[in-house]
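Notes follow once the structure below has been shown.
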Amino acid sequence: MLFLLVTILGFSASRWHRGDLNLIEEWGLAGRRFGTFVTWFLLGGDLYTAYTFIAVPALVYGTGAFGFFAVPYTIIVFPIMYVVIPRLWRVSKRHKYVTAADFVRGRFDSSLLALAVAITGILATMPYIALQLTGIQAVLAVMGLAGHGFMKDLPLVIAFIILAAYTYNSGLRAPALTAILKDILIYVTVIVACIAIPMQLGGYGHIFHVAATTLAAHKGAMILPPKMYSAFATLALGSAFALLLYPHAVTGSLGAKSGSTIQRNAALLPLYSLALTFIALLGYMAIAAGIHTKDTSLVVPLLFIKTLPTWFAGFAFGAIAIGALVPAAIMAIAAANLFTRNIYREYFMQDEGPNREAQVAKIVGLVVILGALLFIVAIPLQYSIYFQTLGGMWILQTVPVIIFGLYTRWFHRWALFLGWLIGMVFGTWMAAEESFKTSIYPLHLGHTVILGYAGIWALVVNIIIAFVFSIVFNGMHLSNGQDETDVHDYDTEPGKEVAQ
Amino acid sequence: MQKGNKSGWYWLFLVPFIATLWPPFYASYRPTLGGFPFMYWYLILWIFLVALLSGIVYFIDNR
């Protein structure tokens, strides 16, 4: 029933703030018109998804304090967002950039560097979309609705057809409008769960107490042990930077109507971090409630079934399922924007008109969604999780190109490309060394071993290479291309002195 | 030049990084608050502080 409502909302979204949906700026960024309120829901939807709802409590359930890296991560992401993203918004508005790769192309006059950014984005987004489905799957499994053979995947297929259809039809407006409904459902679920469950289990003090004892027996810890400090901090730091550069976060930000809309959101979005903290605590509640499962993705659904009235558990499951569709749609649109702008237009159809561009984006959006569906149906879930781990690491390798690029053009474009390439290879190699099981890699420096997020180690190498080769290439006076942006494009709010 | 003066406030944003990315500050069970171990209520407190901080900087930026 909730799905029906979402479908209707999704389709009617095309009428809302009507624009010409045959233009990519309209379809893919909703004409850059979203105010503070809608942007808040849209970016919030990116920040925590159905996967977060399932995966964060699962990690906390399994490891304890380490899973709480998600909290500092979602604290520091907002200062970064406040300072960096409005610059990207302003320059993108001025030059009609739709993707981060568009910006890189304009700034460094290098379609190769833009291609690197676009491919990184698409590679990282695909498994992320697929993982949204694990949320729906976990819920279905616990509700006992999971059938066998073809029937097993049927509800997922239906959910995805709905998603594909309304995304095609309404573009970014569809997830924006459904995000509002989704978040109301999720907030209600979180608030009720975090009051009702502890009341049943004897209060938070008791929950922490039981969880601390149980975790100590299973190699977990309620308080972060000193040897995990560096892993915890680097994972939080790396995840924060990666989050903002994910294509769906860029799409959500560029859809805002002004740079200060984004800054206002940096002050308002921490409400989501608060919700996320309580979602993470569901992991401890599950321990205290005596939930035992090998498949940790079932922790939250099992907890809800055990401690909440059936009708409310059903409501919560609906919220999680819809929570999967909204980010999946934004991600599909973001990937479609990247493909259309930075691969298709660049390499296949240079002379196509704007209508054709939007048409291609819509079709690519469909292909991406179907691809994600195939991913989840045909490939074991474990691989999606591996890819997701790699995805964050890969996205992080675009930090020098995009974030440094927003501030300086001192770095040489070929040096940045080399840094990116080696960062990608090195990061992937470290993950392979750990058999893709974890993103934490022990760095050996002489006799000391530092545990840290492999994405951060790779980024350090990336930056060093970009730095050293920039000195070399600049020294050789190798052409660094023509910058089409201007210093003022980054600082001045367009529209204030330029009539748009 | 006005812009430069205002951007100086951005340095304030370093505080949450140091406060939340340095676990020795908060990796302990006591003192508890309402049953929450220190590590947990400390991080929750920082969620409010970072929102407040962004709000203050926004206010200064748009004064």
Practice item. Report, in deg cm²/dmol and to the nearest 500, the calculated mean residue ellipticity at 222 nm for the protein assembly as shown, where each DSSP H run with n ≥ 4 adds -39500 (n - 2.57) and the sum is divided by the residue count. Key: -23500 deg cm²/dmol
Check your understanding: For helix A:111-143, what angle does its Cα long axis make with the longest principal axis of chain A, in degrees from 0 to 90 and rounded to 10?
Key -> 20 degrees
Study note, to complete from the structure: Expressed in µm² per second, the diffusion coefficient of the stretch A:2-386 from the Stokes-Einstein equation, with Rh the Kirkwood radius over alpha carbon pairs, at 25 °C and 0.890 mPa s, is 116 µm²/s
Exercise for review: Can you give me the P(r) profile for the stretch B:2-61? Cα pairs, bins 5 angstrom wide beginning at 0, each as a whole percent.
Suggested key: 4, 17, 23, 18, 14, 10, 8, 4, 2, 0
Check your understanding: Under a Cβ-Cβ cut-off of 13 Å, what is the net charge of the residues other than residue A:316 that fall near it, where Lys and Arg count +1 and Asp and Glu count -1?
Key -> +2
Exercise for review: Post the alpha-carbon centroid distance, the stretch A:78-120 to the stretch A:288-330, in whole angstrom.
Suggested key: 37 Å
**Study point:** Excluding exposed DSSP-loop GluC sites (Glu not before Pro) (at most 16 other C-beta within 10 Å), longest clean stretch of chain A
**Key:** A:1-351
Practice item. Using a 10 Å cut-off on Cβ to Cβ distances, tally the other chain neighbours for every residue of B:42-49 and report the average as a whole number. Key: 5
Review point. Using the alpha carbon gyration tensor of the stretch A:364-483, what are the three equivalent-ellipsoid semi-axes (square root of 5 times each eigenvalue), largest first, in whole Å?
Key: 30, 22, 10
Point to revise | Residue-normalised accessible area of the stretch B:2-61, expressed per residue, 1.4 Å probe, Å² | key: 53 Å²
Review point. Packing-wise, with mean Cβ within 10 Å as the measure, how do B:9-16, B:28-35, A:240-247 rank, highest first?
Key: A:240-247, B:9-16, B:28-35
Check your understanding: How well do other chains shield peptide A:79-88, expressed as the mean number of their Cβ atoms within 10 Å of each residue Cβ?
Key -> 3
Check your understanding: Residue-wise, which Karplus ³J(HN,Hα) couplings in Hz belong to the stretch A:178-183, taking 6.51 cos²θ - 1.76 cosθ + 1.60, θ = phi - 60°, and x for glycine or proline?
Key -> 5, 4, 5, 4, 4, 6
Point to revise | Length-normalised contact order for chain A - Cα pairs under 8 Å, 6+ apart - percent | key: 31 percent
Point to revise | Net length gained if the chain between residue A:464 and residue A:219 were fully extended (0.36 nm per residue, minus Cα distance) | key: 84.5 nm
Exercise for review: Could you sort out which of A:306/A:437; A:227/A:294; A:96/A:257; A:219/A:437 sit more than 19 Å apart by Cα distance in this structure?
Suggested key: A:306/A:437; A:227/A:294
**Study point:** Reciprocal mean inverse distance between Cα atoms of the stretch A:437-483 - Kirkwood radius, Å
**Key:** 13.0 Å
Study note, to complete from the structure: Of A:131-140, A:221-230, ordering from highest average Cβ density within 10 Å down gives A:131-140, A:221-230
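The values are calculated or read from the model by the stated rules, or taken from the named source; none is laboratory data. Please read all numbers here as calculations on a predicted model, not as lab measurements. Ideal geometry is used to build each Cβ from the backbone, glycine not excepted, and the neighbour counts take in all protein chains shown. With ligands, DNA and RNA removed, areas are computed over all heavy atoms of the protein, side chains included. Shrake-Rupley method; radii C 1.70, N 1.55, O 1.52, S 1.80 Å.
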